[in-house]
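These notes concern the structure reproduced below.
The values are calculated or read from the model by the stated rules, or taken from the named source; none is laboratory data. Predicted model only: the values in this text are computed from it and were never measured. Cβ placement follows ideal geometry from the backbone for every residue including glycine, while neighbour counts extend to all protein chains displayed.
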Amino acid sequence: MSELYANNFYEILHVLSKNHKLKNKIIKLIETRPTAGKVIEEESRKKEFIKILQKLIMGEIPDLNTAYHQVQNKIPRNTSKYADNSRVFTRDWAERLVRIQLSRFYNQAVMEILNDSGEEDCFIPHSQYEDHNTLCTTEMAGKKHKVKPLYNKLIDIYENENYNRYAKTIPQHPNCTHVISPII
Ligand SMILES: [Zn+2]
């Protein structure tokens, strides 16, 4: 594959500004696939969040920090039915939401492109920002993987809400900086 792919989470936005096929695939996924999560359970909150995510991906929001602030301002905690629940609304809930959904849609799109082209294998590079004792760092990074099980697990967690902290997919946790990439 000659097109550009990210080696870690922080390269995603730059890569999307160059790889239009991947960017269009992500936009289509965001429009058609479920986005789960208690902080955006209400339809109006979900719609507003999806608008912000799409703008970030299209390059209309300059960086991640601006996206985190827009989430906090446009879908404030006090308009959620879980506003009083500090397990749902952690201090960094807006950042977690943006990061996990950006990563999830990016990795989902990469795996669908691999699958569409008949490629069964992928690679998860080590990330220079990785946490040293997470499952993705100790058991998944630096290795070749089959696309199918990673993809099925991603759907199970991020579309069907069967969260499992030991699940082997990417993103593996809210601050995961790993990404799935084609085998070069
Ligand atoms: Zn990770």
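Residues of region 127-150 that are polar (S, T, N, Q) and surrounded by 15 or more Cβ atoms within 10 Å (Cβ to Cβ): S127, T134, T137. A count restricted to region 139-181 and to residues that are in contact with a strand residue (DSSP E or B) (Cβ under 9 Å, 6 or more places away or on another chain) and in a loop (DSSP other than H, G, I, E, B) stands at 7. Screening Q128 on (1) out of contact with any strand residue (DSSP E or B) (no Cβ under 6 Å at 6 or more places or on another chain); (2) at pLDDT 95 or above; (3) under 26 Å from K28 (Cβ atoms) shows it passes everything except condition (3). Of all the residues in region 151-184, those that are surrounded by 15 or more Cβ atoms within 10 Å (Cβ to Cβ) and farther than 21 Å from R96 by Cβ number 3.
With respect to the conditions (1) within 16 Å of the ligand (Cβ to nearest atom); (2) in contact (Cβ under 8 Å) with a residue 12 or more places away in the chain; (3) assigned to a loop (DSSP other than H, G, I, E, B), F89 falls short on a single one, namely (1). For region 105-130, filtered to residues that are assigned to a helix (DSSP H, G or I) and free of Cβ contacts under 8 Å to residues at least 60 places away in the same chain, the residue that is farthest from the ligand (Cβ to nearest atom) is D116.
Filtering region 70-79 for residues that are among the charged types (D, E, K, R), under 29 Å from P149 (Cβ atoms) and surrounded by 12 or more Cβ atoms within 10 Å (Cβ to Cβ) leaves an empty set. Regarding Y151, is this residue more than 11 Å from the ligand (Cβ to nearest atom), more than 11 Å from the chain's Cα centre (by Cα) and free of Cβ contacts under 8 Å to residues at least 12 places away in the same chain? It is false that Y151 is more than 11 Å from the ligand (Cβ to nearest atom), more than 11 Å from the chain's Cα centre (by Cα) and free of Cβ contacts under 8 Å to residues at least 12 places away in the same chain. Cβ-Cβ distances below 6 Å connect the following pairs, each with a first residue in region 159-184 that is more than 10 Å from the ligand (Cβ to nearest atom), a second residue that is of a type in the set (G, A, S), and a separation of six or more residues or different chains: E161/A36.
Confirm whether K47 is without any contact (Cβ under 8 Å) to a residue 24 or more places away in the chain and under 25 Å from Y163 (Cα atoms).
Here the answer is yes, as K47 does meet what is asked.
Against the list (1) modelled with pLDDT of 95 or more; (2) within 26 Å of K23 (Cα to Cα); (3) among the acidic types (D, E), the condition E139 fails is (2).
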